[in-house]
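Heads up, the thing below is written out as structure tokens.
None of the figures in this text is laboratory data; all of them are computed from the coordinates on show. Treat the numbers as computed from the prediction; the structure is a model and nothing was measured. Cβ sites come from the backbone with ideal geometry, for glycine too, and all protein chains shown count toward neighbours.
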Protein chains: 2
Amino acid sequence: MYERKTPLPIDCGLHLTKEVLNGKWKPALLHAISIDIKRPSELVRVLPGSTRRVLNVQLRELEMHGMIEKKTYPQLPPKVEYSLTEIGWSLMPVIDALNQWGDANRSFLETVIMQDPKIGETSKSICQEYRQMAIERKIG
Amino acid sequence: MYERKTPLPIDCGLHLTKEVLNGKWKPALLHAISIDIKRPSELVRVLPGSTRRVLNVQLRELEMHGMIEKKTYPQLPPKVEYSLTEIGWSLMPVIDALNQWGDANRSFLETVIMQDPKIGETSKSICQEYRQMAIERKIG
DNA sequence: TGGCATAGGGATAAATTTATCCCCTGGATA
DNA sequence: TATCCAGGGGATAAATTTATCCCTATGCCA
């Protein structure tokens, strides 16, 4: 396995939290699991652009960091469900804050992000199904 | 300049916010600037482990993303001051949330992060001066 | 039997981000 | 005249993170 070579700063809270949320799909995974999208196959479907392999890797890290728990049902076909731990739940207000700030400033952010020359391409209308599921759960 | 090759997801708020805060020192920079540590030389001193070069790069990105403003005083020796923009200020509750969650769960997080085999070394007691300055400003 | 679904992971390539090296301006100081 | 301060950045190396490829296993359905 890969081993870090540069020291990781863990002095202030910001860096600690950053380390936990550091991963392309981690915040989205935590949010998805919090709204009961808990099976690997659901998660990949709901986060298009991701792959099983990549999500597995990030899920394992979240698990190692104690944010989620994995329950494997000894069935065939296999069934796996993730859920937030207590400390994982305590992160949700933070995740929500990140989410809301981004949504609240969407038009501004899209502009500045896309005018950034280092950006080649963006992929949108991706979490649609994901949002739909969230809405359905709120209604249901 | 480098150009992104894979599509950047910007569909949900989480991804938008992530893009803005994506950078090893960005959350810490925003926080520092918010408590009036605004000159480049102060920032490097207060974020040990960082270098001028690296901070310059991240500051420029924050500036391009509209989170901070840079004021250059036409003096000798040169003087530069960064400050948060309005939208930058609107991020502070989020930054604070990240910071507080990390601090509140410090002992747990330090444990799980350091037991992670991919972690080689951590650097602590680093933001001390930084915290000291924050405290002084609160008192003063 | 072929294909699709469930779930998982090793190995490696590619992409992205950080770090390092070195050079620049101009004034003050040892 | 060195050296340090303030400020800045191009070029490139190194580190880190993501993506891709391909193979594992079992059961169901056409």
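See the values below:
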{"read-out": "Subset of region A:31-63 [crowded, with 17+ Cβ neighbours inside 10 Å, small (G, A, S) and part of a helix (DSSP H, G or I)]", "value": "A:A32, A:S34"}
{"read-out": "Checklist (1) under 20 Å from A:T111 (Cα atoms); (2) under 12 Å from the mean Cα position of the chain (by Cα) applied to B:V54, failing item", "value": "(1)"}
{"read-out": "Selection from region A:19-43 of residues that are closer than 17 Å to B:T6 by Cβ, within 11 Å of DNA strand D (Cβ to nearest atom) and touching a strand residue (DSSP E or B) at 6+ places or on another chain (Cβ under 9 Å)", "value": "A:K24, A:W25"}
{"read-out": "Condition met for B:L47 (within 8 Å of DNA strand D (Cβ to nearest atom), touching a residue at least 24 places away in the same chain (Cβ under 8 Å) and of a type outside the set (S, T, Y))", "value": "no"}
{"read-out": "B:M92, sole failed condition from (1) more than 8 Å from every other protein chain (Cβ to nearest Cβ); (2) closer than 25 Å to A:G102 by Cα; (3) more than 16 Å from DNA strand D (Cβ to nearest atom); (4) out of contact with any helix residue (DSSP H, G or I) (no Cβ under 7 Å at 6 or more places or on another chain)", "value": "(4)"}
{"read-out": "Those residues of region A:1-46 which are of a type in the set (K, R), within 26 Å of A:Y73 (Cβ to Cβ) and within 12 Å of DNA strand C (Cβ to nearest atom), in sequence order", "value": "A:K38, A:R39, A:R45"}
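Conditions tested, residue by residue: (1) more than 10 Å from every other protein chain (Cβ to nearest Cβ); (2) over 13 Å from the mean Cα position of the chain (by Cα).
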{"site": "A:P9", "(1), (2)": "no, yes"}
{"site": "A:L14", "(1), (2)": "no, yes"}
{"site": "A:H31", "(1), (2)": "no, no"}
{"site": "A:V44", "(1), (2)": "yes, no"}
